[in-house]
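Inspection log for the structure reproduced underneath, given as structure tokens.
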Amino acid sequence: MMNRFRIGWRLAACLLGLSSAFVSAQETPSGGSSVDLSALADELQSTVERLRGVEFKTDVRKGIKTKAELIEFLESQIEKEYGGGKLERLSRFYQKVGLFPVGIDFKKILMNLLEEQVGGFYDPETEALYLMKEFIGSESVMKILLVHEMTHALDDQYHDLAGMIQLEGANDDVLFARGSIVEGNATWVMNQYTLSGALDPADLLAAAQSEMVKMDAVAAAPLFLVRGLMDRYTHGERFIREVVAKGDVESVEELFENPPLSSEQVYHPAKYARERDLPVTIELADFQAVLGEGWTRLEENTMGEFGTAVLFQEFSRNRSRTDPSALMAALTGSPTNLYAAGWDGDRIIAFHHEATDKVVFFWLGVWDSEDDAAEFFRGYRRKIFSKKYESPEIVQEIENGFLLATAAGGEGIVMEKRGTRTLIAEGMPFELAGKLRQKAWESRFDEGEPVVRQKVDGGSGRIAAAPVDDATPTPEAMLDTANQFRDEASSFEFSLPGTGWEFVTLPEPQVKVCAQRSDVGVRATVIVVPLEGQANLQATSQHTLATLQSKLGDVQVISHAETTFVDLPARRLILTANDPEAETRVQVRTTFVQSGSRFYTLTIRAPFGDEAAKTIGEAIENTFRLLEKP
């Protein structure tokens with residue numbers, strides 16, 4: 001992953017906050033290197049200190065680099081970190097997983113990408129910042145770049161950026177999260193400066209329009225590399241802006257001292273700010289013992305929600321990469337998707353057989369729920385497996401649970417789901433597939449316990465409780481709502497602050513709770529009806545499915561099985577379908593629950609991929625629990 005390149009976080013492109021366009025190091029008419037960079041930086045120093053909230057301890061060295069000097073620097077750093085064939089082995093791993101196209105020249109693509117996109121960088125080893133000579137000309141762009149790199153220099157004086165990014169033994173997902181704080185903070189300060197009105201709007205617009213068309217290297221690079229650079233700026237900045245604005249942290253200093261632990265926390269700040277969703281750690285079994293001689297390890301790492309989301313995105317988009325608007329949509333849209341959003345931990349390992357040049361990988365994942373695991377499993381089967389292998393022979397398949405297949409050359413493939421855990425194994429010698437599958441499930445999963453993150457109180461050394469996010473209803477508020485419905489009030493409306501959802505009363509007497517979000521056509525309901533015999537649980541579930549199949553088009557069932565809900569017997573039905581009325585694809589999640597003589601149906605219907613449905617689903621389930629309280 002891009003975070004493996006220790007140079008990546010300090011050589012990646014700066015973004016113009018005003019236009020969200022790349023600032024690239026293309027040839028630009030310039031006044032040469034005679035510009036007084038130190039004087040310009042001195043002019044900006046007090047502004048950076050004010051926006052950042054701390055003062056420089058020492059002066060920062062500044063300089064100008066030519067493109068030739070940048071190339072020399074990049075070459076030396078890549079050779080230092082990934083010489084001796086390491087880069088080629090890493091490329092083979094990414095190609096086998098599907099993050100890189102087969103036959104890619106990894107080094108060439110990487111060099112082209114950085115050469116095109118680097119406008120300036122800060123080097124913590126020499127504690128110096130540099131701007132590219134090709135950028136000397138537009139004063140507005142120079143100031144933006146300087147503010148970004150001076151923020152890095154200022155952060156380095158307080159938090160040792162090299163130590164933060166080069167954390168010994170950390171997996172790539174951890175480094176992505178830490179890099180998101182480093183780059184996100186510099187981008188946050190840079191954006192505040194850009195939007196402050198201190199720059200010439202005409203100069204900014206001209207620079208942005210010029211750079212928008214200079215994206216050849218970006219268009220040619222795998223999304224994995226481009227987003228590995230981009231997301232730490234854009235979503236790192238969003239993460240910092242959210243947790244600071246909401247008061248979840250006293251200051252940015254706390255984020256450097258207590259950084260997020262995964263891309264999941266970066267993409268979903270609530271999983272950092274309140275109850276920390278700690279990633280499940282996985283200790284992989286000894287696959288080498290089964291593979292035998294001739295196999296050597298290529299790579300072992302963690303994909304994270306970032307890597308998982310990009311993998312599905314790569315297989316879902318137009319792979320010609322010729323449409324600039326499609327490319328920008330891929331880079332600026334949602335960072336995650338239905339198949340990755342339930343990520344809770346993973347570990348992936350790959351081996352290479354020198355004599356046959358074969359590559360095998362084993363990818364174990366853990367998901368927040370069985371439904372999330374089923375969505376990943378089904379998505380991988382339909383969107384990735386079906387495109388990777390042209391004519392695989394399906395040896396055995398159990399819907400949403402297990403798949404054994406062979407591909408060209410006798411390659412064994414296993415996909416399996418066990419509860420909230422999944423296994424993807426590709427490239428195995430088919431005769432060893434059974435033993436390797438068994439060995440994979442000997443891996444150890446350490447799920448740990450959720451941690452309520454504590455706040456450092458203003459540097460005083462005291463610990464203060466983190467504030468409750470008012471976007472989530474308190475148990476007391478939910479109980480009040482439940483009591484209103486229990487009393488069957490003729491009319492009642494309850495707003496969920498900050499979410500856009502409303503609780504409303506419907507005319508149907510059996511509907512106890514209904515929440516809707518009219519702007520995107522989402523509705524969630526709890527229906528209570530008498531229950532006569534447990535057989536009705538399955539019968540109602542089957543009847544509901546048949547009804548939906550008759551009313552909706554192209555119904556695809558993701559999961560339909562027995563489960564438990566609050567320790568009660570239940571069945572859960574999850575499907576996607578075309579809604580003829582709304583002319584869009586929707587997802588429907590229905591849970592059928594038996595409780596004594598009563599029967600509950602909890603249904604959430606939302607546009608496909610709408611993450612808010614998950615949030616309101618949790619609220620509805622909490623309401624159900626409160627309705628059942630004596």
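The values are calculated or read from the model by the stated rules, or taken from the named source; none is laboratory data. Predicted model only: the values in this text are computed from it and were never measured. With ideal geometry, Cβ positions are generated from the backbone for all residues, glycine too; neighbour counts draw on all protein chains shown. Accessible surface is based on the protein model in full, side chains and every heavy atom, while ligands, DNA and RNA are left aside. Shrake-Rupley method; radii C 1.70, N 1.55, O 1.52, S 1.80 Å.
Considering only residues that are among the small types (Gly, Ala, Ser) and either open to solvent by 30 Å² or more (accessible area, probe 1.4 Å) or over 16 Å from Ala41 (Cβ atoms) (or both), which ones fall in the range 114-137?
If the condition is that a residue be among the small types (Gly, Ala, Ser) and either open to solvent by 30 Å² or more (accessible area, probe 1.4 Å) or over 16 Å from Ala41 (Cβ atoms) (or both), then Gly137 is the only one that fits.
Looking only at the range 391-431, filter to residues that are touching a strand residue (DSSP E or B) at 6+ places or on another chain (Cβ under 8 Å) and basic (Lys, Arg); which one of those is nearest to Met303 (Cα to Cα)?
Taking the candidates together, the pick is Arg421.
Among (1) more than 21 Å from Asn337 (Cα to Cα); (2) free of Cβ contacts under 8 Å to residues at least 12 places away in the same chain, where does Arg382 come up short?
Just one mismatch for Arg382, condition (1).
Among the residues of the range 50-72, what is the count of those that are open to solvent by 40 Å² or more (accessible area, probe 1.4 Å) and either under 19 Å from Tyr193 (Cα atoms) or in a helix (DSSP H, G or I) (or both)?
Result for the range 50-72: 8.
Among the numbered conditions (1) buried (at least 22 other Cβ atoms within 10 Å of the Cβ); (2) closer than 26 Å to Gly304 by Cα, tell me where Leu154 comes up short.
Unmet condition: (2).
Report yes if Lys133 is without any contact (Cβ under 8 Å) to a residue 40 or more places away in the chain and under 22 Å from Lys65 (Cβ atoms), otherwise no.
No.
Helices (runs of 4 or more DSSP H) wholly in the range 224-298 with at least 1 residues that are of a type in the set (A, V, I, L, M, F, W, C) and closer than 20 Å to Leu311 by Cα - which ones? Talk me through it step by step, then tell me what you get.
Values: elements: 252-257, 263-267, 270-273, 288-291.
Counting at least 1 such residues, we get 263-267.
Say whether the condition of being over 27 Å from Glu264 (Cα atoms), modelled with pLDDT of 70 or more and in a helix (DSSP H, G or I) is met by at least one residue in the range 550-570.
yes
Applying the selection to the range 288-305, what residues are in contact with a strand residue (DSSP E or B) (Cβ under 8 Å, 6 or more places away or on another chain) and not charged (D, E, K, R)?
Hits for the range 288-305 are Gln288, Leu291, Gly294, Trp295, Thr296, Leu298, Asn301, Thr302, Met303, Gly304.
For the range 83-113, enumerate the residues that are open to solvent by less than 60 Å² (accessible area, probe 1.4 Å), more than 20 Å from Ala220 (Cβ to Cβ) and out of contact with any strand residue (DSSP E or B) (no Cβ under 7 Å at 6 or more places or on another chain).
The answer is Gly83, Gly85.
Where the second residue is open to solvent by 10 Å² or more (accessible area, probe 1.4 Å) and the first is outside any strand (DSSP E or B) and lies in the range 355-367, which pairs have Cβ atoms under 7 Å and are six or more apart or on separate chains?
Ala355/Gly294
Six or more apart or on different chains, Cβ under 9 Å: which pairs go from a residue in the range 416-432 that's at positive phi and outside any helix (DSSP H, G or I) to one that's of a type in the set (Lys, Arg) and open to solvent by 10 Å² or more (accessible area, probe 1.4 Å)? Could you list them?
Sorted first by the residue in the range 416-432, then by its partner, the pairs are Gly427/Lys96; Gly427/Lys358.
How many residues are more than 23 Å from Leu284 (Cα to Cα) and either under 23 Å from the mean Cα position of the chain (by Cα) or surrounded by fewer than 18 Cβ atoms within 10 Å (Cβ to Cβ) (or both) if we restrict to the range 386-426?
The number of residues fulfilling the criteria is 18.
State the number of residues belonging to the range 87-133 that are hydrophobic (A, V, I, L, M, F, W, C) and farther than 15 Å from Leu74 by Cβ.
10
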